[in-house]
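Working notes for the structure below.
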Amino acid sequence: MSDRKNTAQADLTLGEVLRKRGISRRSFLKFCAATASMMAMPPSMVPAIAAALEKARRPSVIWLSFQECTGCTESLTRSHSTTIESLIFDHISLDYHHTLQAAAGTHAEAARIASMEENFGKYLLIVDGSIPMGNPGYSTIAGVSNHDMLMETAKGAAAVIAVGTCAAYGGIPHADPNPTGAVSVGDLIKDKPIINVPGCPPIPVVITGVLTHFLTFGELPELDHIGRPMAFYGKSIHDRCYRRPFYDKGLFAETFDDEGAKKGWCLYKLGCKGPTTYNACATTKWNDGTSFPIEAGHPCLGCSEPDFWDGGGFYKALSMPTENITQNIIYAAAGAAAAGVAVGALNRAKKSKAQATHQKVKLEDLNK
Amino acid sequence: MSEIEFLDWVRGPGFQIAAVIFVAGVIIRILEILMLGRKKNLAEARGSEMLGGLRTIVTRSMHDKATFQRSAFTIVSGYIFHTGLLLSIFFFAPHILMFKEVFGLSWPSLPTPVIDALAVISIIALLTIIARRMSNKVMRFLNTPGDYLAWLLTITPLVTGYMAFHRIGLPAPTLLAIHILSVEILLVLFPFTKLMHAFTLFMARWYNGAISGYRGVAS
């Protein structure tokens, strides 16, 4: 990501870059068609996508990493370097990214400032990781707090993409008791279009798909009510799960190694959060379409949903209460038994008192 | 509050509150009734109170011919919805998981499509019941707001459960959360509405039979 390389390629359109890299027109169109179908667009959009991508100039991208584990970057770099997606990613101008950039120290920060100035109002800001609000010192970069760097960098951004559940919803740092006071990007930035690409980590092709949409249309894709692109997060894992027929029939694996598990039955009882999780894992899959966690025999953790860490345990079925109900029921029963006896005793006392004070009325009394 | 936070609340604190109110409410109300006591019967017993009571619990659960002819609709629809409701509550696999978590007990489940059908049948039966209650002049006169409330508390978990299973209309976490919440509302109001009949029914039937049993006559 050296500045020299950036400048050399900044003038080329994406089409030119791809041809230089030896990507044939045929495979380029195949990519456009795949992207269109993935994002549920009609086939008639394919030429439009191709034309737009051909002409697209490499947008400048600044990637900020806050309270995160670099898993999102790890995921992205595994978008299979031989595929055309990763080439496209190569050919945005990734001007600042801790893990991937060559520059370090003051040079790195200088690259960020330079890119912000040069592309003010046009660059894409990608953020992974949550922002600590408890104490600015919890997470700093070059002596600047995460909050200050985010606000400064977001000023000139055309749009902000929150990659990963931490950036999108606070994620693991935000989990109860949230010791750093972690918040999401959307909690802080209110005046820019924000797109959430949650997941722990998000699927590589989802990140590249969102970028492709932006390059093609110059705007962000249609989002759901919590800011996720509908194309990838429109359906739940459960609705697209190949084990769904077993759920419908009521055939469940009871443990990880019973007959049900071996037969590939539904993992609901083992705590699968697929029914309440919206993501593309069941269709797009991981490792170049190899499989996804449920296919590997493990229940979905629900990682693309807010607060997925606080759902009462990954192996607790969705229908189970998350707290210790039993203990409180015992206390409640004991307390209620005492209260019931007390109320009963009061009622009896009232009854005895009524009986004791009962006065018989004689006929003479009535004639008085 | 996000939909997942909503779901976490109903699965956590909400469930906790509802369970405590339900258990405490039911126990207090039953003790209150039992402790009212009865005057000592000074007559010599001519039969067993217990046997007479138990027999009546069974016999009153079966209709006699005359009663059936008089109110066939009430009996049939009543039985259908009670059976469907109880089976869907206690024999749906995810529900059994909940009972296992709370009480440590587990039992085999019915196939999901059977539960699905039972839920639909129960909903239809409950709808016909309310339609009749509202259209029949005498019944309408006898109805109290408490009756409508009890009906609403019963049908809501069935409808929301059906919607949550088939994922109709709203995001899945919201549907599930609404279903659990509707059950929690049911649990909270249960001890203070006519729904208490689930417990008092057997006490009342036993007592009716016990009186006859003591006297040595058929109830």
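Throughout, read-outs are computed from the coordinates displayed, never taken from laboratory work. Please read these numbers as outputs of a predicted model, since none were measured by experiment. Neighbour counts run over all protein chains shown; Cβ positions are idealised from the backbone, glycine included.
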Using the alpha carbon gyration tensor of the protein assembly as shown, what are the three equivalent-ellipsoid semi-axes (square root of 5 times each eigenvalue), largest first, in whole Å? 65, 27, 20
If the convex hull of the alpha-carbon atoms of segment A:3-233 is projected onto planes in all directions, what is the mean projected area in square nanometres? 11.9 nm²
Only helices at least 27 Å long along their axis, Cα-based, and averaging -1.0 or more on Kyte-Doolittle count here, so list those DSSP H runs from chain A. A:325-356
Most exposed first by the Cβ proxy, i.e. fewest other Cβ within 10 Å, how do B:R11, B:R205, B:R60 rank? B:R60, B:R205, B:R11
Computed [θ] at 222 nm, deg cm²/dmol, chain A (DSSP H ≥ 4; -39,500 (n - 2.57); rounded to nearest 500): -12000 deg cm²/dmol
Give the relative contact order (percent, whole number) for chain B; include only Cα pairs under 8 Å separated by 6+ residues. 42 percent
Pairs over 18 Å Cα to Cα, from A:K269/A:K316; A:K262/A:K316; A:K351/B:K194, come to A:K262/A:K316; A:K351/B:K194
Taking neighbour counts of Cβ atoms within 10 Å as a proxy for exposure, in what order, fewest first, do A:K262, A:K235 appear? A:K262, A:K235
Report relative contact order for chain A in percent, whole number only (criteria: Cα-Cα under 8 Å, sequence separation at least 6). 13 percent
quick note, the protein assembly as shown, DSSP beta bridge pairs, % antiparallel (nearest 5) is 30 percent
For B:32-38, what's the mean count of beta carbons from other chains sitting within 10 Å of each residue's beta carbon? 4
Amide H to amide H under 5 Å from A:A157: which residues, 5+ apart in sequence or cross-chain, H placed 1.01 Å off N in plane? A:G121
Whole-number percent relative contact order across segment A:237-310, with pairs defined as alpha carbons under 8 Å at least 6 apart: 30 percent
For B:S212, A:S291, what ranking results if the residue with the fewest other Cβ atoms within 10 Å of its Cβ goes first? A:S291, B:S212
Report, ordered by chain and residue number, the lysines lying within cross-link reach of A:K192, taken as a straight Cα distance under 21 Å and ignoring same-chain residues fewer than 8 apart. A:K122, A:K155
Could you tell me the convex hull volume per residue, in Å³, taken over the Cα atoms of segment A:237-310? 88 Å³
Which listed pairs, of A:K263/B:K100; B:K39/B:K65; A:K362/B:K40, have C-alpha distances above 32 Å, in listed order: B:K39/B:K65
Using R₀ = 60 Å, calculate the FRET efficiency as 1/(1 + (r/R₀)^6) where r is the Cβ-Cβ separation of A:Q359 and A:N287; round to 0.05. 0.10
Relative to the compact-globule scaling 2.2 N^0.38 Å, provide the ratio for the alpha-carbon radius of gyration of segment B:48-152. 1.34
No Cys partner within the rule (Cβ under 4.7 Å), the protein assembly as shown: A:C32, A:C69, A:C72, A:C166, A:C241, A:C266, A:C272, A:C281, A:C300
